[in-house]
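Colleague: Handing you this structure, nothing more for now.
Derivation of every value follows stated rules applied to the coordinates shown; laboratory data play no part. As the structure is a prediction and not an experimental result, all values here were calculated from the model. Note that we place each Cβ from the backbone using ideal geometry, even for glycine, and neighbour counts take in every protein chain shown.
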Amino acid sequence: MNKEKLKQKFYLKEQRFPPSQRIDDCFFTCKNYLLSIQPFDFLNKIKIKYNCPYAIKDNKNSPRVFAHTLHEPDRICVFEDLGKLYKKYLYGIMLHEFGHIIADHYFIDHSEDLANSIMKDFFHLTIKYSQDIFKIEFLNKRDEIKINKFKKGK
Ligand SMILES: [Zn+2]
Ligand SMILES: [Zn+2]
């Protein structure tokens, strides 16, 4: 998988905010939205973990991988380049990871499909994959607007 091609297509051309700030904003926005729909208590315990060595290694081996869950309890481990992606991919990946945590709590199932179905069926958010070799999750525009209202300070 060609990392330069992936960067050209999915990375911001110009970074106005530090990656970690974009990740944190996205995380809180997603969490607030999810809580507004289903007030699952365990969502409040979830935190972002930076500098997980596996997240760094996974991205090195497969540049489409920016995050994982179920490594440490209640943590979404991220590789910081996640915060360099265009917004729809950043949100798609983040929500997909929340989907994994919810799937783990209720179904003890770790499939990729279930993580996305949970977002659809419980939270009315559609996550799709880019139609190319990279297959990166993204959130559709309408849902991006919907979720934007839950940004901190709005
Ligand atoms: Zn990890
Ligand atoms: Zn996944």
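Colleague: Please go through the stretch 1-49 and give me each residue that is in a helix (DSSP H, G or I) and aromatic (Phe, Trp, Tyr), ordered by number. Steps first, answer last, please.
Modeller: Taking the stretch 1-49 and keeping what is in a helix (DSSP H, G or I), we get 3-10, 19-37, 41-45.
Once the filter is applied, which keeps residues that are in a helix (DSSP H, G or I) and aromatic (Phe, Trp, Tyr), the stretch 1-49 yields Phe10, Phe27, Phe28, Tyr33, Phe42.
Colleague: Considering only the stretch 105-139, how many residues are closer than 20 Å to Leu35 by Cα and assigned to a loop (DSSP other than H, G, I, E, B)? If you could, list the steps in order and put the result at the bottom.
Modeller: Of the residues in the stretch 105-139, the ones closer than 20 Å to Leu35 by Cα are 105-107, 114-127, 139.
Within this subset, residues satisfying the condition of being assigned to a loop (DSSP other than H, G, I, E, B) are 107, 124-126.
Qualifying residue count for the region: 4.
Colleague: Criterion first (out of contact with any strand residue (DSSP E or B) (no Cβ under 6 Å at 6 or more places or on another chain), buried (at least 19 other Cβ atoms within 10 Å of the Cβ) and within 16 Å of Lys31 (Cα to Cα)) does Phe66 satisfy it? Break it down into steps so the answer makes sense when it comes.
Modeller: Numbers: out of contact with any strand residue (DSSP E or B) (no Cβ under 6 Å at 6 or more places or on another chain): yes; buried (at least 19 other Cβ atoms within 10 Å of the Cβ): yes; within 16 Å of Lys31 (Cα to Cα): no.
Considered against the rule, which asks whether it is out of contact with any strand residue (DSSP E or B) (no Cβ under 6 Å at 6 or more places or on another chain), buried (at least 19 other Cβ atoms within 10 Å of the Cβ) and within 16 Å of Lys31 (Cα to Cα), Phe66 comes out as no.
Colleague: Right, here's the next one. Please work out which residue is farthest from ligand 2 (Cβ to nearest atom), limiting yourself to the stretch 74-102 and to residues that are buried (at least 23 other Cβ atoms within 10 Å of the Cβ) and small (Gly, Ala, Ser).
Modeller: Gly92
Colleague: Could you list all residues from the stretch 31-60 that are surrounded by fewer than 18 Cβ atoms within 10 Å (Cβ to Cβ), of a type outside the set (D, E, K, R) and away from ligand 1 (no atom under 14 Å from the Cβ)?
Modeller: Asn32, Leu35, Ser36, Ile37, Gln38, Pro39, Phe40, Phe42, Asn44
Colleague: While we're looking at this one, here's another question. Confirm whether Glu80 is in contact with a strand residue (DSSP E or B) (Cβ under 8 Å, 6 or more places away or on another chain) and not β-branched (Val, Ile, Thr).
Modeller: Values: in contact with a strand residue (DSSP E or B) (Cβ under 8 Å, 6 or more places away or on another chain): yes; not β-branched (Val, Ile, Thr): yes.
Yes: the conditions hold for Glu80.
Colleague: If you take the residues of the stretch 127-144 that are basic (Lys, Arg) and free of Cβ contacts under 8 Å to residues at least 40 places away in the same chain, which of them is farthest from Pro63 (Cα to Cα)? Quick ask: steps written out before the conclusion?
Modeller: Here is the first cut: in the stretch 127-144, the residues basic (Lys, Arg) are 128, 135, 141-142.
Still in the running and free of Cβ contacts under 8 Å to residues at least 40 places away in the same chain: 128, 142.
Working: Lys128: 18, Arg142: 27 Å.
The qualifying residue farthest from Pro63 (Cα to Cα) is Arg142.
Colleague: Of everything in the stretch 48-106, what is over 21 Å from Phe17 (Cα atoms) and polar (S, T, N, Q)? Give them in sequence order.
Modeller: Asn59, Asn61, Ser62, Thr69
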